[in-house]
1. Report, ordered by the first and then the second residue, all pairs with beta carbons closer than 6 Å, sequence separation of six or more or different chains, a first member in segment C:164-180 that is in contact (Cβ under 8 Å) with a residue 12 or more places away in the chain and within 18 Å of residue C:101 (Cα to Cα), and a second member that is assigned to a loop (DSSP other than H, G, I, E, B) and of a type in the set (Lys, Arg).
2. Taking the condition of being farther than 28 Å from residue F:84 by Cα, facing another protein chain (nearest Cβ under 9 Å), in contact (Cβ under 8 Å) with a residue 40 or more places away in the chain and not small (Gly, Ala, Ser), how many residues in segment E:1-47 meet it?
3. Considering only residues that are within 14 Å of chain C (Cβ to nearest Cβ), under 25 Å from residue E:98 (Cβ atoms) and in contact (Cβ under 8 Å) with a residue 40 or more places away in the chain, look in segment D:109-129 and name the one that is nearest to the chain's Cα centre (by Cα).
4. Quick check on segment E:96-106. Is at least one of its residues closer than 27 Å to residue C:120 by Cβ and free of Cβ contacts under 8 Å to residues at least 24 places away in the same chain?
5. Out of curiosity, is residue A:72 among the hydrophobic types (A, V, I, L, M, F, W, C) and more than 16 Å from residue B:52 (Cα to Cα)?
6. I'd like to verify a number: residues in segment D:31-63 that are in contact with a strand residue (DSSP E or B) (Cβ under 6 Å, 6 or more places away or on another chain), charged (D, E, K, R) and over 19 Å from residue C:46 (Cα atoms), how many?
7. Please work out if residue F:144 is farther than 30 Å from residue E:127 by Cβ, within 12 Å of chain A (Cβ to nearest Cβ) and part of a loop (DSSP other than H, G, I, E, B).
Protein chains: 6
Amino acid sequence: MRILLINPNTSTSLTTLLSNAARGVASESTVLEEITAARGVPYISTRSEALLAGVELLEILAERGPEYDAAIVAAFGDPGLGAARELFDLPVVGLAEAGMLTACMLGKRFAIVTFSTALGPWYRECLEWHGLQDRSAGIFMLDEAFDDIATVQGDKAEMLVVLSNRAITEGEADVIVLAGAPLAGLAQHVRERLPVPVVDCAEAAMKQAEALASLRPAPPRAGTFRRPDPKSSIGLAPVLADYIAHRCATS
Amino acid sequence: MRILLINPNTSTSLTTLLSNAARGVASESTVLEEITAARGVPYISTRSEALLAGVELLEILAERGPEYDAAIVAAFGDPGLGAARELFDLPVVGLAEAGMLTACMLGKRFAIVTFSTALGPWYRECLEWHGLQDRSAGIFMLDEAFDDIATVQGDKAEMLVVLSNRAITEGEADVIVLAGAPLAGLAQHVRERLPVPVVDCAEAAMKQAEALASLRPAPPRAGTFRRPDPKSSIGLAPVLADYIAHRCATS
Amino acid sequence: MRILLINPNTSTSLTTLLSNAARGVASESTVLEEITAARGVPYISTRSEALLAGVELLEILAERGPEYDAAIVAAFGDPGLGAARELFDLPVVGLAEAGMLTACMLGKRFAIVTFSTALGPWYRECLEWHGLQDRSAGIFMLDEAFDDIATVQGDKAEMLVVLSNRAITEGEADVIVLAGAPLAGLAQHVRERLPVPVVDCAEAAMKQAEALASLRPAPPRAGTFRRPDPKSSIGLAPVLADYIAHRCATS
Amino acid sequence: MRILLINPNTSTSLTTLLSNAARGVASESTVLEEITAARGVPYISTRSEALLAGVELLEILAERGPEYDAAIVAAFGDPGLGAARELFDLPVVGLAEAGMLTACMLGKRFAIVTFSTALGPWYRECLEWHGLQDRSAGIFMLDEAFDDIATVQGDKAEMLVVLSNRAITEGEADVIVLAGAPLAGLAQHVRERLPVPVVDCAEAAMKQAEALASLRPAPPRAGTFRRPDPKSSIGLAPVLADYIAHRCATS
Amino acid sequence: MRILLINPNTSTSLTTLLSNAARGVASESTVLEEITAARGVPYISTRSEALLAGVELLEILAERGPEYDAAIVAAFGDPGLGAARELFDLPVVGLAEAGMLTACMLGKRFAIVTFSTALGPWYRECLEWHGLQDRSAGIFMLDEAFDDIATVQGDKAEMLVVLSNRAITEGEADVIVLAGAPLAGLAQHVRERLPVPVVDCAEAAMKQAEALASLRPAPPRAGTFRRPDPKSSIGLAPVLADYIAHRCATS
Amino acid sequence: MRILLINPNTSTSLTTLLSNAARGVASESTVLEEITAARGVPYISTRSEALLAGVELLEILAERGPEYDAAIVAAFGDPGLGAARELFDLPVVGLAEAGMLTACMLGKRFAIVTFSTALGPWYRECLEWHGLQDRSAGIFMLDEAFDDIATVQGDKAEMLVVLSNRAITEGEADVIVLAGAPLAGLAQHVRERLPVPVVDCAEAAMKQAEALASLRPAPPRAGTFRRPDPKSSIGLAPVLADYIAHRCATS
């Protein structure tokens, strides 16, 4: 089974964090490959940056999707996930989606814990898009500057443990979801210090991508994620324009 | 007061329909200018097409926004509205948003009536993004092919009247919102034949854009629509990259 | 275009505050006239007072409504709004409704900020009646006595700024809605000191009443706001009894 | 224990129906007295009529309330209930409230079944005010003219049985709530013909009024139903004006 | 009228508290009998303990139900209530259900106040099962160990008063529901010291059981609480197995 | 990795269907073992039967749980799932839970499709317990008798395909969840004939149990699923009583 992890951020350091965490829980027979966005921002944190990243995601999937059994959108707000699910035939799972749905099996309500308040509005829209507000115990964010997204997980580990404990006591969370690509892999280091299950989204996404690949769902020909009819376009990347115009094989 | 109507579809025929309807209700002192997307699809109807259109919207606003007192995103699903509101300082209103909020003052629940089932999933996400489900009586769609978006409003007028009446009797709608840029201007022709108020979204957007321009709200420096901190980027349109990097004046 | 602002409180000082604020944003061609309730309480703050004010509103509209293109119910809880909308043909907009819907175009969630805890229960029912809870960041109230409703906005301006800032930081509000007729006009004085857009409900109501008057919606003959069938009555004000019995022209 | 049944409709025939049904289930030691509105409409069916009836209710309670241990607002939409509960010290229960809460103990979801579509909008607002939408299986209404509210329950009994069965099969209702004062007493005649429990609201209100009177709850001095501070007023009925001004003993 | 109070806890001291409180408000003609669970835990506080208690409840009702006009499940989380309502013909009311529904007639939102955080998760599921979240102001729990469930209400009375006042001021509760069988009877001792109505669930359950017995609802033959078709079983208590197999008269 | 599939129905034919379907998608290194309830009913379809099955589940887990890395509750309504999750340390996943959460990654809204109306009330409570109503397109049930649960999936395959298509067109479902242990394995036979992805709950449960086992979540020591404090009990199965009293090692 071949899985493609797409990092829609342009930072390759994040790609490394994400793929290392994912590989740590992959099944033996799984082949994981990764790709980093060529355009966009080093680290997505807002609606507008997610919009830009979403287009990059579609171009990557149009080009590379057909080679894989499933794909992971490896940024917590799941940029472009709905568009990708609608356009392409292979199963696609989002980092946030995988983390939150996995958390649902470990408790009634999960807290989303992350390292910057800048992420809040985007994450909240992601939570609402997935219709999982009833399962959420809130979004808990550190309210401090950080130096470098490549090292933020280590630099802020102590503070994230404190914040997670606050989410448990004040937010009545049953599960902690460590959110944001820069935190990939952190769960293994802090889980002993938290009294509830901790979900690493990169790990969860790996397992959910494997699950979807194993179940081999048929691409929808009806419903709200059926592939749109062919359409002409102007000014798009050729591989995407071809795909939208149905001028190429389905992935 | 200067208002910019941005048609995120690439069809200039739609731009004409939209601006004609908007001008019909504009205040005397309002100057309305319009612009048509240079890239994208002729007529947006899905999540993926809306994603592509959203990026085009941002580029247009980065380039043209500073000349205006308010802008209208003139496609019913409000592509890129949240991103635009976050990024730019001028008030921006969406076609769907304006139509739905105006409908709220005319009844308890409004029905969204449109000409194609292809639009349903995207419109529903738009409705949910605006948090107005409690005010909605449903999305009612014609389930037939159409020939040309430039003439669909005339070709399907009879069927849309029938469908609207069904929305009133079966959906218990108090108000009809005719949805989709290709229907701009239709309300004036069918309102006599419907027993409840009918909202033309282009008209509503014109009045709401004027209202926002009159109230001159300060751009948010806090809250979820505060402008993101400056960020570097790769591969974006230069005017947008400059804006995101705070290398230019605020609009 | 002729707009009638109805102050359902019996205090003429409030009528002055309200009409001054409204006139400040009116279009050049708009004629605004105002009327103050002849019966009721100086300042409505509870459900029972709103009930009494609602009847007064209906009598005023039965008598004066036909002369105008739209009317404003100028008390934040929108007393009698649903009854008025059902009974009369002209568009009627509530102060709370206009403020909240306008706020929806400026952010995801608005905070209602007001000067007395006595108003909370009534305002909450108003918010719920409008089905806008998903857009609300809460109702924030000063918990102190005030001397005079005619001067409360000036007396409490500092405290309201502090409270609004708390609504932004603790309530995560994107927009501040200054609520209550006694605060009409205050927004202009405090907006520079708040980091998010501030909505003055009298201003918003002026613009929304103009919008409705421009759109000239047809009075509903179906839906939940269709005019009730003629009915006899006992003991009502003659002009209202005649209207309910369909013994007079529609407004 | 002394209970006052207040019929806010002006039809004495309805008062008879209501009090007969209520007496049929009263405890031996209960004294039930009834009063009919002196002003208003013969039969309330809309928001505006309910508003007028609410004021009449307050006047009756200001005058007669102190003699009783509890009161019943005997119209299904519970006109003026919130205002009454806020203003007066004795427990007050609404016909709709009693019927719906009693139905909650007999099944998961109840259907509201009534004899005229004219009642729908008002009943829906009542349901929403009580926050019981999650327990509702819908409002089912006959869509036909009726001759006389005094005899409508007999004239339409067959059709109401058919409609109730539709509410059970199509609406998946566990309980039928026969709604509207003109249907008081009907449940006894049709219950054998319906396969789920049938709630007569006048019976339910009688038992709930007795329950409240037995429990003798203290009048709230805090919370959203605390009695408002004394206030001056203009033009109100003297007994009500005195009560609002705290110029009389608490009921 | 004969009412059976079933204490699903195995502590007879709780049975005494519950039946004393219930008798204090019973109508003269009511005969109240009580029974204590023979199997299970002394005091139920979690989902798993409630599951075990639910089975005991079914066995008691299969054996004793037919002798009574109504039954009370006398533990706040209403263990087995849905199963009992589905299986048996007599009306059954839960302690939590009765307390919460009665509270609904005394205010908009009620706070559930109890003596141990251990009860929270179970109580919350109970609240959600009843679909009454919109009426809840939250669950407020003492966070301290207690010595003995037989005396906890006296030992913690002061602290529960403090906590209730916090629920009123911070939770904006209109009504206090003292929750948990060990608090039965406490309301009478503390009501003078709380500024809002206080509901004793055992009292409320007594009155609601009487109300249901008076209304004599027909057992449902349709809807979600219709009696299941006969079924064979293995290893159940014979009286319950017979009942499930329809080998005995309906209760 | 060792997984225990617990069939809480007493029919071994169902155990075979379930374990065959699960094994079909298991990873190579997974060891799946199954156990059938010794007490209860052949096929659970109601709240009361689920209550009885829940106790059996707890006894099985107390006895066998410690040998496994994760367990599956293999009946669609997830009987006893919350109790098991609270009481035991190993991850436990429900058949319904796994099916619904997996479906969430394949579309916005899933339809639950099953073979008997008898299952509806229990399934609905399960859906609500999981807080997934916003993702549900409804529960679709065949309304016909069936001969034998061992063969119902074959006997009704055609009708279930028709019903699923109705769920897609009328219910606007994006995904079909075939619900009920007797339908385990059916998805493979009908997926070609349905235009949207079809989820087999036994397959989904297998993959989700593997995912949880791989992630090795720590047992909660806080939150609403923390293990209850030790408690004495009367009359329970000794292994369960010991577990509840903390007289044995944690599983």
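1. Close Cβ pairs (under 6 Å, with a partner that is assigned to a loop (DSSP other than H, G, I, E, B) and of a type in the set (Lys, Arg)) amount to C:173/C:109; C:174/C:108; C:174/C:109.
2. Number satisfying all stated conditions: 1.
3. If we filter segment D:109-129 for residues that are within 14 Å of chain C (Cβ to nearest Cβ), which is where we start, we get D:116-129.
Going one step further and asking which of them are under 25 Å from residue E:98 (Cβ atoms), we end up with D:126-129.
Imposing the further condition that a residue be in contact (Cβ under 8 Å) with a residue 40 or more places away in the chain reduces the set to D:126, D:129.
Values: D:126: 10, D:129: 14 Å.
Here the residue is D:126.
4. If we filter segment E:96-106 for residues that are closer than 27 Å to residue C:120 by Cβ, which is where we start, we get E:99-106.
Then drop every residue that is not free of Cβ contacts under 8 Å to residues at least 24 places away in the same chain, which leaves E:105.
For segment E:96-106, residues closer than 27 Å to residue C:120 by Cβ and free of Cβ contacts under 8 Å to residues at least 24 places away in the same chain: present.
5. Values: among the hydrophobic types (A, V, I, L, M, F, W, C): yes; more than 16 Å from residue B:52 (Cα to Cα): yes.
It is true that residue A:72 is among the hydrophobic types (A, V, I, L, M, F, W, C) and more than 16 Å from residue B:52 (Cα to Cα).
6. Qualifying residue count for the region: 3.
7. On the way: farther than 30 Å from residue E:127 by Cβ: yes; within 12 Å of chain A (Cβ to nearest Cβ): no; part of a loop (DSSP other than H, G, I, E, B): yes.
For residue F:144, the condition - farther than 30 Å from residue E:127 by Cβ, within 12 Å of chain A (Cβ to nearest Cβ) and part of a loop (DSSP other than H, G, I, E, B) - is not met.
Quick grid of which residues meet (1) within 27 Å of residue A:26 (Cβ to Cβ); (2) out of contact with any Pro (no Cβ under 8 Å at 6 or more places or on another chain):
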site	(1), (2)
F:190	no, yes
F:200	yes, yes
F:205	yes, yes
F:214	yes, yes
F:220	yes, no
F:235	no, yes
F:245	no, no
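The values are calculated or read from the model by the stated rules, or taken from the named source; none is laboratory data. Model, not experiment: these values are computed from the prediction. Glycine gets a Cβ as well: all are built from the backbone with ideal geometry, and neighbour counts include every protein chain shown.
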